[in-house]
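Structure first, then comments.
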Amino acid sequence: MTAYETIRYEEPDDRIARIVLARPETRNAQDTALLYELNDAFDRAAQDDGISVVILAAEGPHFSSGHDLREPEKYEVMTRHRTVGTWCGFTCGGAERQMAREKEIYLGFSERWRNMPKPTIAEVQGKVVSGGLMLVWPCDLVVASDDAVFADNTVAMGIAGAEFFNHPYELGVRKAKEMLFTSDSVSAADAHRLGMVNHVVPRGELSGFVLDLARRIAEQPLFALKLVKEAVNSAQDNQGRVNAMQTSFALHQLCHSHNQQLYGQLIDPSFLERQKDIAKRW
């Protein structure tokens, strides 16, 4: 049995797995270890024939503040984990190293989780910022507390959106542009109205509501659940989602290279001052 340090793996009921982000002291910021553990937990649930539904939840007041930008030695840390994808180069230099890392643990993992063959439900509370969206959006259903807010402040960092660029498909083209242009947040109520969130419930009822929903889904034939999920995902992919995702990921990498040349770092350093005003609006 795998022992996790940054997440918890639970089985709260028959045929239901519940994966919990467990770094509340960082608002569940995603460091490399958390993402590899999360990927392992999703694989564990996918490979367990006794599990039909997977819940992704988070400990503490906030679901996730996004990538852990303070993680030290982030490239060296990559070599401590068994690579999941085929795109390597973590010990190379320049843009190759950065692209390899993000293609593995950001875009690659999010795509894997989206396409895992069992229904997944995101149980979301508090703030969900940038990289946090990349944990929520791969899930099939999203249930949010009434105080949840969703935001992507990557443009303020000098970056053209998060690595898993599902914004137009989640929010619609114009709301996606507004979110990215302004870094303003989207409330749970608005996310529900736009179709990004399935249900909005009071914070105190969130976990119970999600578990009841998971139980109803788990009663269905698993093979049919797998196939209907594949059918819906395929319909979206045939509308051009995969090609759009690859293009946006390449543009994301161009932004990193641009900032590295101008400022000697991957994001625009003026972001820290800009973020003070942005955070007041969330």
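Nothing in this text is a laboratory measurement; each read-out follows from the coordinates by a stated rule. Quick caveat, the model's predicted, so the values are computed rather than measured. Cβ sites come from the backbone with ideal geometry, for glycine too, and all protein chains shown count toward neighbours.
Given the criterion surrounded by fewer than 21 Cβ atoms within 10 Å (Cβ to Cβ) and over 23 Å from A46 (Cβ atoms), identify the matching residue among G161, G208.
G208
Cβ contacts < 8 Å: first residue more than 16 Å from E11 (Cα to Cα), restricted to segment 205-216; second residue surrounded by 18 or more Cβ atoms within 10 Å (Cβ to Cβ) and hydroxyl-bearing (S, T, Y), any location; separation 6+ or different chain. Result?
Pairs that qualify, where the first residue is more than 16 Å from E11 (Cα to Cα) and the partner is surrounded by 18 or more Cβ atoms within 10 Å (Cβ to Cβ) and hydroxyl-bearing (S, T, Y), are L206/S145.
Any idea which of (1) in contact (Cβ under 8 Å) with a residue 40 or more places away in the chain; (2) in contact with a helix residue (DSSP H, G or I) (Cβ under 7 Å, 6 or more places away or on another chain); (3) assigned to a loop (DSSP other than H, G, I, E, B) is the one Y4 doesn't satisfy?
It is condition (1) that Y4 fails.
Sort out which residues of segment 189-198 are exposed (fewer than 15 other Cβ atoms within 10 Å of the Cβ) and either in contact (Cβ under 8 Å) with a residue 40 or more places away in the chain or under 11 Å from E123 (Cβ atoms) (or both), and write them in order of number.
Result: A189, single match.
For segment 105-114, indicate whether the set of residues that are more than 12 Å from the chain's Cα centre (by Cα) and either within 24 Å of G161 (Cβ to Cβ) or not charged (D, E, K, R) (or both) is non-empty.
no
I'm trying to understand the selection: among the residues of segment 12-26, which are part of a strand (DSSP E or B) and of a type in the set (D, E)?
D13
Among the residues of segment 84-100, is there at least one that is of a type in the set (F, W, Y), more than 30 Å from K280 (Cα to Cα) and part of a helix (DSSP H, G or I)?
Looking through segment 84-100, none of the residues is of a type in the set (F, W, Y), more than 30 Å from K280 (Cα to Cα) and part of a helix (DSSP H, G or I).
It is to be established whether one or more residues within segment 156-167 are more than 22 Å from A279 (Cα to Cα), of a type in the set (D, E) and in contact (Cβ under 8 Å) with a residue 12 or more places away in the chain.
no
What residue, of D277, D237, D268, is more than 27 Å from R101 (Cβ to Cβ) and either in a helix (DSSP H, G or I) or among the charged types (D, E, K, R) (or both)?
D277
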